[in-house]
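Trainee: Please read through the structure below; I'll follow up with questions.
The values are calculated or read from the model by the stated rules, or taken from the named source; none is laboratory data. The structure presented is a predicted model; accordingly, all values stated were derived computationally and were not measured. Note that each Cβ is placed from the backbone with ideal geometry, even for glycine, and that neighbours are counted across all protein chains shown. Just so you know, the surface numbers come from the protein's heavy atoms only, side chains and all, with ligands and any DNA or RNA stripped out. Shrake-Rupley method; radii C 1.70, N 1.55, O 1.52, S 1.80 Å.
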Amino acid sequence: MKAVQVTGYGDVDTLQLVDIPIPNPKENEVLVKVKACAINNTEIWMREGAYGTGSKSGWRPEGVNFPRTPGSDISGTIMKVGALVEESMVGKDVVLFPFTSSGKEGEEHISEDMSFIGSEYDGGYAEYVVWPAELCLDMPLPSYEESAVFSVSGLTAWHMVKQIQIQPGETVMVTGANGGVGSLNVQIASKVFGAKVIAIVGDLNGEDRMKELGATHVLSYKSENLSEEILEVNGGPIDSVLDVVGDALFTTSLLVLKKGGKFCISGSAGGQKTDLDFRTLYLKHITMYGSVLGTREEFKDMLKAIAEGKIKPVIDKAFPLDKAKEAQIYFKEKGKLGKILLLPEE
């Protein structure tokens, strides 16, 4: 089968298209023919060594073993099952819950042995992938492409919203609102949990589309008076921030939060380190959350909301598998709206 492997830390030249054998499922696994795989920051940061290199580069302490096939947002069809898996699963169209864990229910994402597909296991930049049968769930939508864009970014966004316990009518600021996680934060916060959303983007040309996704207000981070604009459109301080940017908007976020406000971060594309005056936290009684991925129950709740039409797929562009380098380069460009896909059969 054709697969794209990361051969080590570095730029996109470390991505190599190879021919390797189709994997065989173990007794509790299934073989999935990959129909679509969406791109996430996760596999790019892993390749670039942003999580560290050597023994601390992956989700596990021992780090990534190269070569590794990346890709964690996967939809496809089950072609073969292991000895302990019901034969009736053959032919099912599924999406893959993106990690294994021995953590108890509700704490799977914070278990010490949490291991991620595309980092600790070979992932979806390939024609086939093997995965535990119990972690393969029915596709929420008829389209492989549309079903593939939710697994990691959607679960991350859903868990972020759940952590800050959004109540109907509260105001939430979403940074990076045109990206994969951000665009889902907008939808989940507004259309599932009933919040008012202030979406922060770079280019206001996409304002109408952001409002279709559920944003009440759309502002540009390029504004010289962003904090004043946020306070003005909301009529005062906001309740919560859902952030995927990091340093670039951190000061603004703390400034516009109300006393007792909540700040949840799950990404740092705009800077991984920041200056923090602790007095701001304790004098304003701000609660901070670090967040990544979520629980199996949250994943199922998200798939139900997608199937009910409450959350819509947002896709920017699709590439064939052999254009993985170009796809990752495009992914890092600014001004996109939604997810980037790899299609093995293109």
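Trainee: Can you classify the stretch 211-251 as rounded, prolate or oblate using the Cα gyration tensor, where a ≥ b ≥ c are the square roots of its eigenvalues, rounded means a/c under 1.5, and otherwise it's prolate if a/b beats b/c and oblate if not?
Mentor: Here the stretch 211-251 falls in the rounded category.
Trainee: Here's another thing I want to ask about it. Just to confirm the number: angle between the C-alpha axis of helix 296-307 and the first principal axis of the chain, 0 to 90 degrees, nearest 10?
Mentor: 80 degrees
Trainee: For the stretch 3-14, what does the Karplus curve 6.51 cos²θ - 1.76 cosθ + 1.60, with θ = phi - 60°, yield as ³J(HN,Hα) per residue in whole Hz, taken in order and with x for Gly and Pro?
Mentor: So the Karplus estimates, Gly and Pro as x, are 8, 10, 10, 8, 8, x, 6, x, 7, 5, 5, 7 Hz.
Trainee: Just how large is the dipole of the stretch 161-253 about the Cα centre, in debye to the nearest 20, putting +1 at every Lys and Arg Cβ and -1 at every Asp and Glu Cβ?
Mentor: 400 debye
Trainee: With springs only between Cα atoms under 10 Å, which of V90, V81, V152 fluctuates most in a Gaussian network model of the chain?
Mentor: Of the options given, V90 has the highest mean-square fluctuation.
Trainee: Hey, another quick one. First select every other residue whose beta carbon is under 13 angstrom from the beta carbon of Y128; then total the charges, Lys and Arg +1, Asp and Glu -1.
Mentor: That sum, taken over residues with Cβ under 13 Å, equals -1.
Trainee: OK, next. When Lys and Arg each count +1 and Asp and Glu each count -1, what net charge do the other residues less than 13 Å away from G182, Cβ to Cβ, add up to?
Mentor: My count for the surroundings of G182 gives +2.
Trainee: Here's something else I'd like to know. Just to check, using Stokes-Einstein with a Kirkwood Rh over alpha carbon pairs, what's the diffusion coefficient of the stretch 69-123 at 4 °C and 1.567 mPa s in µm²/s?
Mentor: The calculation lands on 102 µm²/s.
Trainee: Any idea what angle helix 247-256 forms with the longest principal axis of the chain, computed on alpha-carbon atoms, 0 to 90 degrees, nearest 10?
Mentor: 40 degrees
Trainee: Right, something else. Test of understanding: what is the full-extension gain from V233 to N28, defined as 0.36 nm times their sequence separation minus their Cα-Cα distance?
Mentor: Working it through step by step, the gained length comes to 68.5 nm.
Trainee: Please list, by residue number, everything in the stretch 225-247 whose backbone N is under 15 Å from a paramagnetic label point 7 Å out along Cα→Cβ of D275.
Mentor: 247
Trainee: Under 25 °C and 0.890 mPa s, how fast does the stretch 196-346 diffuse according to Stokes-Einstein, given a Kirkwood radius computed over C-alpha pairs? Answer in µm²/s, whole number.
Mentor: Answer, rounded: 139 µm²/s.
Trainee: Using only the Cα atoms of the chain, what do you get for the radius of gyration and for Dmax, in Å?
Mentor: Cα only, the chain: 19.9, 62 Å (Rg, Dmax).
Trainee: With label points built 7 Å along Cα→Cβ from the Cα atoms of E86 and N205, find their separation and express it in nm.
Mentor: Between E86 and N205, the simple spin-label model gives 5.0 nm.
Trainee: Something else: How large is ³J(HN,Hα) for each residue in the stretch 179-186, as worked out from phi by the Karplus curve 6.51 cos²θ - 1.76 cosθ + 1.60 (θ = phi - 60°), to whole Hz, x for Gly and Pro?
Mentor: Ordered by residue, 3J(HN,Hα) equals x, x, 6, x, 5, 7, 4, 4 Hz.
Trainee: For a quick check, take a GNM of the chain with Cα springs below 10 Å and name the residue from I22, I188, I166 with the largest mean-square fluctuation.
Mentor: Looking only at I22, I188, I166, the biggest GNM fluctuation is shown by I22.
Trainee: While we're on this one: Over the heavy atoms of Y282, what accessible area does a 1.4 Å probe trace out, to the nearest 10 Å²?
Mentor: Number for this one is 140 Å².
Trainee: Now for a separate question. Among the lysines, which fall within straight-line cross-link reach of K191, defined as a Cα-Cα distance under 21 Å, with same-chain neighbours fewer than 8 residues apart omitted?
Mentor: K162, K211, K262, K300, K304, K310, K312, K339
Trainee: Shifting gears a bit: For the stretch 136-244, with equal point scatterers placed on the C-alpha atoms only and solvent neglected, what are the log10 I(q)/I(0) values from the Debye formula at q = 0.10 1/Å, to two decimals?
Mentor: These q points yield log10 I(q)/I(0) values of -0.28.
Trainee: Between W131 and residues 5 or more places away or on another chain, which pairs have amide H atoms under 5 Å apart, with H built 1.01 Å from N, and which residues are they?
Mentor: V30, V32
Trainee: Measure off 7 Å from each Cα along the Cα-to-Cβ vector at I20 and K284, then give the distance between these two points in nanometres to one decimal.
Mentor: 4.6 nm
Trainee: With springs connecting C-alpha atoms under 10 Å apart, model the chain as a Gaussian network and identify which of L184, L31, L255 has the largest mean-square fluctuation.
Mentor: Taking springs between Cα atoms under 10 Å, the residue moving most is L255.
Trainee: Given the options M160, M139, G106, identify the residue whose Cα lies farthest towards the positive end of the charge dipole of the stretch 103-167 (+1 on Cβ of Lys, Arg; -1 on Cβ of Asp, Glu).
Mentor: Comparing the listed Cα positions along the dipole, M160 ranks first.
Trainee: Of the options V90, F150, A199, report the single residue whose Cα projects farthest towards the positive end of the charge dipole of the stretch 55-205 (beta-carbon charges: Lys, Arg +1; Asp, Glu -1).
Mentor: Result: A199.
Trainee: Measure nothing fancy, just the Cα-based angle from helix 151-163's long axis to the longest principal axis of the chain, in degrees from 0 to 90, nearest 10.
Mentor: In the chain, helix 151-163 runs at an angle near 40 degrees to the longest axis.
Trainee: When the label point is put 7 Å from the Cα of M79 along its Cα-to-beta-carbon vector, which residues of the stretch 323-346 have a backbone N closer than 19 Å?
Mentor: Residues passing the 19 Å test: 323, 342-346.
Trainee: Taking θ = phi - 60°, what integer Hz values does the Karplus form 6.51 cos²θ - 1.76 cosθ + 1.60 yield along the stretch 128-144, in sequence order, with x for Gly and Pro?
Mentor: Whole-Hz 3J(HN,Hα) from phi for the stretch 128-144: 9, 8, 9, 7, x, 4, 5, 9, 10, 10, 4, 4, x, 10, x, 8, 4.
Trainee: Taking all protein chains together and a probe of 1.4 Å, list S88, S119, S223 from the most accessible to the least accessible.
Mentor: S88, S223, S119
Trainee: Tell me which GluC sites (Glu not before Pro) from the stretch 249-309 have a DSSP coil assignment and no more than 16 other beta carbons within 10 Å of their own.
Mentor: The qualifying sites are E308.
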